[in-house]
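Colleague: The structure that follows is given in the form of structure tokens.
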Amino acid sequence: MAESTNFSKASVMTFILFFAACVASGSSTAQVPLLMWSSKSLPPLASPLAGHITSMEELAAYLAPAFGSGPHTVLLFLQDKLSKDDFTLFGGVFGNKQESAFRNLEAALQSSSSSMTFPALEWTGESAVPSLLQEKLGASPLLVDADTLSHLSLNTSVSNLLLINLPYCSGSLKSCKEVLSGNDEVMGKVLSFLKAKDVSYTAIYTGLQPSQVISRSSLLNQQVGRTLLQAPGAVVRPPIIYNVSGGPCIMLWAQSLLISLPSSSEWIDLAAQSPTLSGSMCNSTNSM
């Protein structure tokens, strides 16, 4: 639910997953994530406060200097539905990038000149983001797809807003991953085309509306086939949550968290312990 922050070039999607989990909020406000990257420099933004949901007014204020002068070519990858949980479930966690449904997206974020993320943008309607971009750029959205883009002649002396619609799944986890992987391939093709044409661009990936959150219980209860030599699945530990003012303030979700004491060579797995949260504190600047 935080605003945005500069991405680390080393592990962009890992940061997205960790950031989305750590600042989870109990707010019922509908929200969608928004990822933004550019072949040119993007304006910096101050570090967000935990639990903050970015309003459309705050996004508009950020986009004003980003698109303040000169022509811009903007790609809007607009998925039917999107949630930060889609990155958590299908982003290839624990460094398992081969299992990620967002490999082209990760590569684009890592290779971009600068990138920003809004993990929780307040959702105010399906036309909110396209309308805002149209206002800031002074250009009407042009609907394109990966197959017809090669026939498009871009006039880079004026601003262009290219709209690429992407579907979303409505069934099982497997079909969701297949759909998201297909969308990722589309993004890769579009970005490769612009790179081949040496066109500077800014890309945005967001959703028309929030996606249906797949409950953790259904994920754990899912029946998965296994071979005879396959080891039993690892136990998924629940997150550690510290609540304050009616909502989560500190949230840690780790499968393993190892520490060692100076007086001992033995490693201790904190994730396997039963934590005591008495004495914890959290405010807008510090947590412990």
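Colleague: Spin-label point model (7 Å from Cα, Cβ direction): what's the N165 to E135 distance in nm?
Modeller: With each label placed 7 Å out from Cα toward Cβ, I get 2.4 nm.
Colleague: With a point put 7 Å past each Cα toward its Cβ, work out how far V158 is from S287 in nm, to one decimal.
Modeller: 4.8 nm
Colleague: Which aspartates and glutamates does K136 reach when only Cα atoms under 18 Å apart count, and residues fewer than 8 places away in its own chain are ignored?
Modeller: E57, E58, E126
Colleague: Gain in length, K195 to A64, computed as 0.36 nm per residue apart minus the alpha-carbon separation, to one decimal in nm?
Modeller: Taking K195 through A64 to full extension adds about 44.6 nm, to one decimal.
A short reminder: the numbers here are calculations on the coordinates, not readings from a lab. These figures come from a predicted structure and were not determined experimentally. All Cβ positions, glycine included, derive from the backbone under ideal geometry; neighbour counts span all protein chains shown.
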